[in-house]
Amino acid sequence: MLDLFVLDAISDEKISACIQMATDQDFAATQRWQTSWNSAYAQKLPNKVALHRKDNGELLGLMSYELDERGLAVEILYMESARHSNANLVHAEGGQKRYLGIAKALFAYDGVLVFKAKTSELLDYYMKEYGARQVGSYDPFRLVIWEDAAEQLIAEFRKESDG
């Protein structure tokens, strides 16, 4: 069992988090996000899950994914941190993130992943922080987190009792 968490960006305190199927209430909360999850595009995305704080239910991030045809890997179609922790938005406004590790918690939910980095900064970040590797030269932003890197990522969230 995983014990997901994010870090408070100021105090470095671990904040317990959980993932559940995203709801209409979650989508409504994204009106001021980088992407409105009520848009026609976002509504068509499959398998949408939400990351919430366990203590107060605050929405931290959303993700859409699908399984490959053999069920061996998960492809993340779209993922976004809440406005208060989205690097693009907070930097543009001269602020700082409220929470760290939202993407990491969402990544840990799935294991072996295939996804695209939105920017070259995120490309470098995912490779350095999560052990992601480029899939091929035809699309340098397409990345994979293989089993070994996925296991290291998941291990950070595994409950102590799991060994």
Selection status of Glu129, acidic (Asp, Glu), modelled with pLDDT under 85 and under 24 Å from Ser16 (Cβ atoms): no
Here the residues within segment 15-26 that are charged (D, E, K, R) and surrounded by 13 or more Cβ atoms within 10 Å (Cβ to Cβ) are Asp26
Kindly evaluate Gln96 against the criterion of being modelled with pLDDT under 95, part of a helix (DSSP H, G or I), surrounded by fewer than 21 Cβ atoms within 10 Å (Cβ to Cβ) and polar (S, T, N, Q). no
Only residues that are in a loop (DSSP other than H, G, I, E, B) and charged (D, E, K, R): list them for segment 24-69, please. Arg32, Lys54, Asp55, Glu58, Asp68, Glu69
Cβ-Cβ distance below 7 Å, separation of 6 or more or different chains: which pairs start in segment 128-147 with a residue that is farther than 15 Å from Val112 by Cβ and end on one that is part of a helix (DSSP H, G or I)? Phe141/Leu123
Please find, within segment 105-141, the residue that is farthest from Tyr65 (Cα to Cα) out of those that are over 13 Å from the mean Cα position of the chain (by Cα) and buried (at least 18 other Cβ atoms within 10 Å of the Cβ). Leu123
Matching entry among Ala29, Ala42 (being of a type in the set (A, V, I, L, M, F, W, C) and open to solvent by 40 Å² or more (accessible area, probe 1.4 Å)): Ala29
With the condition kept exactly as written, say whether any residue in segment 70-81 is within 22 Å of Glu129 (Cα to Cα), in a loop (DSSP other than H, G, I, E, B), out of contact with any helix residue (DSSP H, G or I) (no Cβ under 7 Å at 6 or more places or on another chain) and open to solvent by 30 Å² or more (accessible area, probe 1.4 Å). no
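The values are calculated or read from the model by the stated rules, or taken from the named source; none is laboratory data. Remember, predicted model here, so these are calculated numbers, not experimental data. Positions of Cβ are backbone-derived with ideal geometry, glycine not excepted, and every protein chain shown enters the neighbour counts. Remember, those area values only see protein heavy atoms, side chains included, never the ligands or the DNA or RNA. Shrake-Rupley method; radii C 1.70, N 1.55, O 1.52, S 1.80 Å.
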